[in-house]
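So the structure is just underneath, and the comments pick up after that.
The values are calculated or read from the model by the stated rules, or taken from the named source; none is laboratory data. If you're wondering where the values come from, they're calculated on a predicted model, not measured in any experiment. Reconstructed Cβ throughout: ideal geometry from the backbone, glycine too, with neighbour counts over all protein chains shown. To get the accessible areas, we keep the full protein, side chains included, count just its heavy atoms, and leave off ligands, DNA and RNA. Shrake-Rupley method; radii C 1.70, N 1.55, O 1.52, S 1.80 Å.
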Amino acid sequence: MTGPEQTAGPRMIAISSGKGGVGKSTVTANIAVAMAEAGLSVGVVDADIYGPSIPGMLGIPGTKPAMTPEQMVIPAEAHGVKVISMAMLTDDDKPAILRGPMVTKYLQMFVKQVDWGALDVLLLDLPPGTGDIQLTLAQAFPLAGAVVVSTPQDVSLKIARRGLRMMEQVNVPILGVIENMSGFTCSSCGTVTHIFHQGGGEAIAQELGVAFLGKVPLDPNVVDCGDEGTPLVSAAPGSPAATAYRQIAAALAQTSDDAGGLAIPFAWSILDGSGKPVPAHPVAGGAVDRLSALDHDENGLTLRWADGFEQRLTPRDLRLACRCAQCRDEMTSVPLLDPNTVPLDIGLTRIWSVGNYALGLAFSDGHDTGIYTYKALREMQGAELEDV
């Protein structure tokens, strides 16, 4: 469903990492269980299509999902957490050999065609890197924010910085940085040994102006608990690592993504008025890269931004500004669209949200493949209205 009648969905939080081997899935599983133990309704999408591991960590490997009469997938559940994963759809030793479009299809299914019920939080355990899966999720779903997991190693921190920048570019709020494997505490004498240096995660968070969510120390029980399908927060609730997981889970549960922006996703049909997004409530010091309202009349499209700035753009100006591969050369950005072929009376027919960072526009000439980032829209020279 889209439009004003749509009920609010869960807060979708992406757990990401710049590189593999930093314990991101272990962090995701333990945070999810900690949230569930705190009374939240939690789901986890194992978005690492090629290397799914969440079911094993939660003790549900090989579980085949059932279907509802409405042909919705019923997620597995363990430790109070609902889960969907590619590992549930394939045999344990069978690789997922999929091209990009099929990966996108599965990701869409994992979020939209699963009978999640009423969730408070949906965690997305992303594969490492900044590739197609990360971009697909950022474009297709209204992420409340992303968390970046790193170890204190310099190489891990440098790659984590790239992951942070990627999320910023698609306007996904960065909820914070987690430093995993942050020192090893000897179970006999209590001495802490910083195997991978120390303080790097906190330093990079400070450098980039994002929250530092906490340090999770190395614990030998993490491996055993993961192999046995019982997360550390349940198996050893008094351990320093379990305490860190619960503190991080509490911080994420309290994080607000209210920046005065429109509720998304939405799909607005200009022709019949259905699905028009409800204007957001004003927020003091609203973000310059968030839309708070959209209106359309015979004069064009009016955009109201969360910081109070308003502008009006005509459909023809928007059509000529399209930067899709049909309208601009992908390598040189040289315009390919002949302005003489665009009617003076061209109009808009549909407007929809693209993740947190752009709008999709369909025009009366049938063109609908352009993505208009908020940054590009804001920079367009339309009719500036009085600030409010």
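Residue-level check: of (1) within 21 Å of ALA267 (Cβ to Cβ); (2) in contact with a helix residue (DSSP H, G or I) (Cβ under 8 Å, 6 or more places away or on another chain); (3) in a loop (DSSP other than H, G, I, E, B), LEU337 misses just (1). I'd like to check something: does the range 365-377 contain any residue that is in contact with an Asp or Glu (Cβ under 8 Å, 6 or more places away or on another chain) and either open to solvent by 80 Å² or more (accessible area, probe 1.4 Å) or at pLDDT 85 or above (or both)? Yes, the range 365-377 contains at least one residue that is in contact with an Asp or Glu (Cβ under 8 Å, 6 or more places away or on another chain) and either open to solvent by 80 Å² or more (accessible area, probe 1.4 Å) or at pLDDT 85 or above (or both). Please pick out the residue among PRO69, PRO61 that is at pLDDT below 90 and either open to solvent by 50 Å² or more (accessible area, probe 1.4 Å) or touching a Ser or Thr at 6+ places or on another chain (Cβ under 6 Å) (or both). Answer to the selection: PRO61.
A residue that is modelled with pLDDT of 90 or more, in a loop (DSSP other than H, G, I, E, B) and open to solvent by 30 Å² or more (accessible area, probe 1.4 Å) occurs nowhere in the range 95-104.
Within the range 24-45, residues that are outside any helix (DSSP H, G or I) sit with their Cβ atoms under 9 Å from residues that are basic (Lys, Arg), at 6+ positions apart or across chains, in these pairs: ALA38/ARG246; SER41/LYS82; VAL42/LYS82; GLY43/LYS82; VAL44/LYS82.
Considering the range 240-279, the residues that are open to solvent by less than 30 Å² (accessible area, probe 1.4 Å) and modelled with pLDDT under 85 include one that is farthest from ILE54 (Cα to Cα), namely GLY260. Cβ-Cβ below 7 Å, separation at least six or inter-chain, first residue in the range 213-228 and assigned to a helix (DSSP H, G or I), second hydroxyl-bearing (Ser, Thr, Tyr) and crowded, with 20+ Cβ neighbours inside 10 Å: which pairs? So the pair list comes out as VAL222/THR26; GLY226/THR26.
The set of residues in the range 326-358 that are farther than 21 Å from LEU301 by Cβ and open to solvent by less than 60 Å² (accessible area, probe 1.4 Å) comprises ASP329, SER333. Here are some conditions: (1) touching a Lys or Arg at 6+ places or on another chain (Cβ under 6 Å); (2) at pLDDT below 80. ALA34 meets all but one. Which one does it not meet? Result: ALA34 fails condition (2) only. Could you tell me whether any residue of the range 27-37 is charged (D, E, K, R) and touching a strand residue (DSSP E or B) at 6+ places or on another chain (Cβ under 9 Å)? No. Those residues that are modelled with pLDDT of 85 or more, crowded, with 16+ Cβ neighbours inside 10 Å and on the phi < 0 side of the Ramachandran plot, I need them from the range 226-239; list them, please. THR230, PRO231, LEU232, VAL233, SER234, ALA235, ALA236, SER239 - these are the residues of the range 226-239 that are modelled with pLDDT of 85 or more, crowded, with 16+ Cβ neighbours inside 10 Å and on the phi < 0 side of the Ramachandran plot.
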